[in-house]
Amino acid sequence: MKSSLLSLVLFFSISSLIAAAPNFVWIIADDMSPDTGAYGLKDVSTPNLDRLAAEGRRYTRAYASAPVCSASRSAFILGCYQTTTGLHPHDAENPQPLMAPYRHLPGLLRDAGWFVTNAPAPGGLRNGKLIKKAKTHYNFKHDAAEMYDGDDWRKRKPGQPFFAQFQIPEPHRPFPIPESYDEAKLNAIQIPPNYPDHPLIRRDWYAYQRSVEMVDHRVGVILDQLKEEEVLDNTVVMFFADHGRPMPWGKQWLSVEGLQVPLIMRGPGIEANSVENRLVSLIDLAPSMLQLVGLPIPTWMEGRAILRGEFPERSTLFAARDRCGDAMDRIRAVIGTESLLVRNFQPSRSRLNWSGYKEASYPGMPLLRVLSKSGGLNDFQAQWLTPTRPEIEFYDLKTDPQGLHNIAGEPAVSTKIESMRAAMDTWIQTSPDRGAQGDPVTEPPLATIQKEKRADYQRTWKARLKKAEPTDAERVAWWMQAYGLPAKDPIP
């Protein structure tokens, strides 16, 4: 009798919760920094994202917990750091089921009555072909039928709230190479000073920015769909990227370029044209949504709710990078309100640590080495190619918002470094950081992974140049020709 009564109470509680609940939409760009008009980049046309920001809230200090897809996605879908759950190596070769007590956000909302979907953005292309399957790329074993109700939120029951994810493939590489160039936009690009202002770099950056404009177009299509179905005003729309832009010193690195992401929200209870300058992590999204609809936030979630009640005042966020494909490394970062501390646990590894993915798809990788050998880099740019890295890096984000100038050796910041190192040590011990042991034991040996990734790299270049192991100069020449530049001399 008591059990039946409890079930009845629970049924009516959930029913009333659902009746008053908002819908949720995640629009997730793949590899994008805050490079939109609303974030100050005026030479990129992003009217839909700018309108979203004008109608909602723009977060200026939002960060991914990892600078690479699968580790970051595994974190924000659970609401806790990937290092805590053992989901830290990017592109897990042998993913395992989630350990108890972890449960992904789609499952938590689906259990509570939400209709949960995951779909590629309308019209999304990859290598010129229409994408039919939505990206997940989690480092845990999952079944789409268990995780989602389908790929179209419009198939829900009448009155049923929904949580729809839209996966935008841009601006992940490969960028579509432009057939022509707007010279004014090309010349207006602000290349960060740690990159050489080389014609190939500039054209590659131009292609990235045009890819960002395609992101904006796809966002507009999604917003129009919500408006046409008359659900936009009862839907919390969250636009963000899984990590920063895919450039040599961005993606895969615990840099501002690799970690800082756009985050824009619009919906009931979110003030129009508002800006939030306090620290936010993507792992905050899951607990924020649960709190907003009155569902319990699991105690294991490490993110903080940011949409209702008192905003969490934090002095630090954390981020981590471990093995990325065939590139082994271990790096940890503390992001403060005005500073960034990075600890390289393997400082003997260069920033040019071999990544088959990057070497196949980033023209900047071989170009940087060619320019380094020929004297085509200035002293500051050359620092990024040194054979080793310092164990500790410290950046004053107040005076150096891009986080480019390591001032760890200056006595004036020694106390701040000590404090942030202590915070990192505590986080590593208490979370706990499972990356300290390297890859999970279920993963293949690193040598096996590297052999397979090298074969992928060789197939790519054999198809391009009929040569499996081209030199840096040969690869640069191929990229320059692909971008419509003279291929003979890479030195401008």
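Scan around Glu276 for amide H atoms under 5 Å from its own, H built in the peptide plane at 1.01 Å from N, and keep only partners 5 or more places away or cross-chain.
Those lying under 5 Å, H to H, from Glu276 are Arg58, Tyr59, Thr60.
Along each of its three principal axes, how wide is the spread of alpha-carbon positions in the chain, in whole angstrom units, largest first?
Result, largest extent first: 81, 49, 44 Å.
Give the long-range amide H neighbours of Gln252: residues separated by 5 or more places, or on another chain, with amide H under 5 Å away, using H modelled in the peptide plane at 1.01 Å from N.
It is Val68, by chain and number.
Please list, in order along the range 371-385, the HN-Hα scalar couplings obtained from phi with the Karplus expression 6.51 cos²θ - 1.76 cosθ + 1.60 (θ = phi - 60°), rounded to whole Hz, x for Gly and Pro.
Here the 3J(HN,Hα) series is 5, 4, 5, 9, x, x, 10, 7, 4, 5, 5, 5, 4, 7, 10 Hz.
All other residues with a Cβ under 14 Å from the Cβ of Leu41 taken together, and with Lys, Arg as +1 and Asp, Glu as -1, what is their net charge?
-1
Which percent, to the nearest 5, of DSSP beta bridges fully inside the range 52-211 are antiparallel?
Beta bridges within the range 52-211, antiparallel portion: roughly 20 percent.
Peptides 31-41, 242-252: what's the order by average Cβ count within 10 Å, highest mean first?
Put in order of decreasing packing, that is 242-252, 31-41.
Which residues in the range 418-455 have a backbone N closer than 11 Å to a point placed 7 Å from the Cα of Ala468 along the Cα-to-Cβ line?
454-455
In whole percent, what relative contact order does the chain give with Cα contacts below 8 Å and a gap of six or more residues?
Normalised by residue count, the contact order of the chain is 21 percent.
Any chance you could check the Cα centroid distance between the range 253-312 and the range 390-423 for me, in angstrom?
26 Å
Which order do the peptides 56-69, 126-139 come out in when sorted by mean C-beta neighbours inside 10 angstrom, highest first?
56-69, 126-139
Mind giving me the FRET efficiency for Asp197 and Lys42? R0 is 30 Å, r the Cβ-Cβ distance, nearest 0.05 is fine.
Working from the Cβ atoms, E equals 0.95.
Could you give each residue of the range 225-239 its phi-based ³J(HN,Hα) in whole Hz, using Karplus coefficients 6.51, -1.76, 1.60 with θ = phi - 60°, and x for Gly or Pro?
4, 5, 5, 4, 8, 6, 10, 4, 6, 10, 10, 8, 9, 10, 9
Run lengths n ≥ 4 of DSSP H only: what is the helix-derived mean residue ellipticity at 222 nm for the chain, with -39500 (n - 2.57) per run over all residues, to the nearest 500?
Value at 222 nm, helices only, nearest 500: -10000 deg cm²/dmol.
Where the only charges are on Cβ atoms (+1 Lys, Arg; -1 Asp, Glu), what is the dipole of the range 202-289 about its Cα centre, to the nearest 20 debye?
540 debye
Mind listing the phi-derived Karplus ³J(HN,Hα) values for the range 336-341, rounded to whole Hz, using 6.51, -1.76 and 1.60 with θ = phi - 60°, and x for any glycine or proline?
Per residue, the Karplus-derived 3J(HN,Hα) values read x, 5, 9, 7, 9, 10 Hz.
If we count every other residue with Cβ under 11 angstrom of Arg389's Cβ, Lys/Arg +1 and Asp/Glu -1, where does the sum land?
Net local charge, Arg389 excluded: 0.
Tally the DSSP beta bridges in the chain and give the antiparallel ones as a percent, rounded to 5.
Of the beta bridges lying entirely in the chain, close to 50 percent run antiparallel.
Hey, what did the range 141-228 get for relative contact order, percent, Cα under 8 Å, at least 6 apart?
Rounded, it is 30 percent for the range 141-228.
Give me, ordered by chain and number, the residues 5 or more places off Gly86 or on other chains with an amide H under 5 Å from its own placed amide H.
So Gly86 has HN proximity to Arg434.
Provide the gained length on full extension for the span Glu310 to Arg103, in nm with one decimal, where the gain is 0.36 nm per separating residue minus the Cα-Cα distance.
Full extension of this stretch gives 71.9 nm more.
Lys and Arg at +1, Asp and Glu at -1: add these up for the other residues within a Cβ distance under 12 Å of Val275 and post the number.
+2
Read-outs: derived from the displayed coordinates by stated rules, not from any lab. From a predicted model like this one, the values you see are computed outputs, not experimental measurements. Heads up, the Cβs are rebuilt from the backbone with ideal geometry, glycines too, and the neighbour counts pull from every protein chain shown.
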